[in-house]
Each structure stands twice: as structure tokens, then as C-alpha cells.
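Here the structure comes first, spelled out in C-alpha cells, and everything after it is commentary.
The values are calculated or read from the model by the stated rules, or taken from the named source; none is laboratory data. Nothing here was measured: the structure is a model prediction, and the numbers come from that model. Every residue, glycine among them, receives a Cβ derived from its backbone with ideal geometry; neighbour counts consider all protein chains shown.
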Amino acid sequence: MAVYVPLPGSKRTLLPNSRPAGPVDPSEIASLTVRVRSSGDPDALAKRVYEQASQPLANRTYLTREELAAQHGASKDDLDKIEAFAQKHDLFVVHRSASERAIVLRGKLSDLLAAFPADVQIYHHSTGTYRGRQGEIAIPQELDKIVTGVFGFDTRPKHRSVRVQHLLAKGGPGNANGVAATEFAKRYNFPSSFNGVTLDGTGQTVAIIELGGGFQTSDLKVFFQEIGVSMT
């Protein structure tokens with residue numbers, strides 16, 4: 001008999017004021033995305049990123065997609081173990097990617113829950129009925145440390161955070177509802193000149209596609225004043 005252990009970081013609570021609406025349909029076809037550990041050292045990758053950001057743009061060297069996948073993607077061994085486990089539970093692998101460190105499993109909800117036990121029920125909420133999960137997800141001990149996440153049981157409506165909604169509602173420049181490109185330039189140590197050329201946007205043109213929204217020149221003037229950049 002397989003031994004199961006809690007998946008670290010998988011604990012979840014229901015949406016506030018959710019009302020139980022009954023059990024899930026065990027015959028429903030659903031998909032789960034299983035995230036897998038990196039074959040490389042995540043700390044070493046983070047260190048490399050910070051080191052690159054501290055270098056002038058011309059001196060930076062970047063990993064290719066192939067190099068990143070080879071050095072920090074999921075190992076074939078780990079993906080094979082998950083695939084073999086899925087087959088024992090009558091689940092189909094519909095997507096497998098070492099570079100994404102993910103494998104997508106599809107099958108009956110009853111089989112998915114047998115493979116990765118969790119407290120999943122149907123709930124009513126003011127934003128709509130959803131399949132909700134609470135507590136932790138269990139994974140087989142043989143996949144402990146290999147699986148870092150299991151996603152897809154919970155179908156609660158997606159929504160923006162209150163803070164994001166508040167900022168969007170403010171609208172207009174000068175209300176902390178965005179980050180200027182000049183601030184990103186500082187954060188990423190973007191050079192102010194290259195090969196004797198001043199990199200301040202001189203000679204460049206930015207096109208604004210309105211799509212029915214439009215803009216006011218007065219707003220642009222205020223925005224550029226705030227970030228300290230001339231419009232001309």
C-alpha cells in the first residue's frame with residue numbers, strides 16, 4: 001500500500017462566505033498540472049541573475065533557452081517517475097515539458113483524487129459556483145521532493161486583488177497606478193550611453209494604439225513631468 005505525505009505549501013482555504021453545494025462528480029474529466037523540481041541549483045541561478053543585472057548591458061552574457069532547460073529544467077528521470085505513477089492511476093499525460101518543469105495529467109476526477117488525495121467539494125459563492133479545495137494535497141512518498149506543486153483541483157473564479165482594483169480605479173497619472181520605464185531602467189542598471197550614443201530616447205518614436213480609448217495630451221504632460229523626462 002502506497003504511503004502518502006503532505007505536499008509542502010499546498011494548504012489552501014475556501015473563499016470567504018462559501019456555502020457547501022455537494023460532492024464533485026467523480027466521472028468529470030479534469031486536468032492537473034504537476035510541477036517538478038529543478039535539476040539544477042535554484043540559488044545558483046538567482047545569484048547569476050543578480051550578477052548579470054549589476055553588469056553594464058554590453059558585458060552581460062545570457063543563457064540560451066536550450067542551456068537554461070539543460071541546466072535548470074526537470075530531469076528525464078523525475079518526469080518518467082511521474083508518468084509511470086500516472087499510468088497506474090489510469091491518467092493520461094497530455095503535456096510534458098522539461099523546460100517548463102511541468103507535466104499535465106488528464107482523467108476522471110475520481111482517478112485524479114486517488115492519485116493526489118485532497119478535500120475537494122463543490123461550493124456556492126457570490127462570484128459563482130466553483131470546485132473548491134481546502135487543506136493540503138497529499139502525494140506519494142516516492143514523489144516527495146520531486147513534485148513541488150499540483151494545480152487544477154480548485155476552479156474558484158479568478159479576480160484581481162483589492163489593491164490592484166483600487167489602483168486601477170484611481171486612474172490618471174500621479175496616483176501610483178504604475179511604474180515608469182525610468183524606474184525599471186534604474187532597477188536593471190540600464191546604461192545611459194553606448195558607444196558614444198546617449199540612450200535617452202532621442203530620435204525614437206513611441207506609437208500609442210488607442211483601440212477606442214484615446215488619451216489626453218495634458219495627461220501625458222503631467223506624466224512626463226513626474227518622471228523627469230521631456231516630451232520633445
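A few points about this structure:
- Long-range neighbours under 7 Å by Cβ, at least six apart or interchain, first residue over 13 Å from R35 (Cα atoms) within segment 83-105, second acidic (D, E) and in a helix (DSSP H, G or I): H89/D111; D90/D111; L91/D111; V93/E83
- Residues of segment 113-146 classified as aliphatic (A, V, I, L, M) and outside any helix (DSSP H, G or I), total: 7
- Of S10, S31, S99, all but one fail to be within 20 Å of the chain's Cα centre (by Cα), loosely packed, with under 15 Cβ neighbours inside 10 Å and closer than 27 Å to E142 by Cβ; the exception is S99.
- Annotation: of all residues in segment 126-174 being of a type in the set (A, V, I, L, M) and at pLDDT 90 or above, the one that is surrounded by the most Cβ atoms within 10 Å (Cβ to Cβ) is I139.
- Number of residues in segment 204-232 that are modelled with pLDDT of 75 or more and among the small types (G, A, S): the value is 4.
- In a residue-by-residue description of segment 50-58, the property of being in contact (Cβ under 8 Å) with a residue 60 or more places away in the chain, under 29 Å from L105 (Cα atoms) and not in a strand (DSSP E or B) applies to no position.
- Checking each residue in segment 1-19 for being among the β-branched types (V, I, T) and in contact with a helix residue (DSSP H, G or I) (Cβ under 9 Å, 6 or more places away or on another chain) picks out V3, V5.
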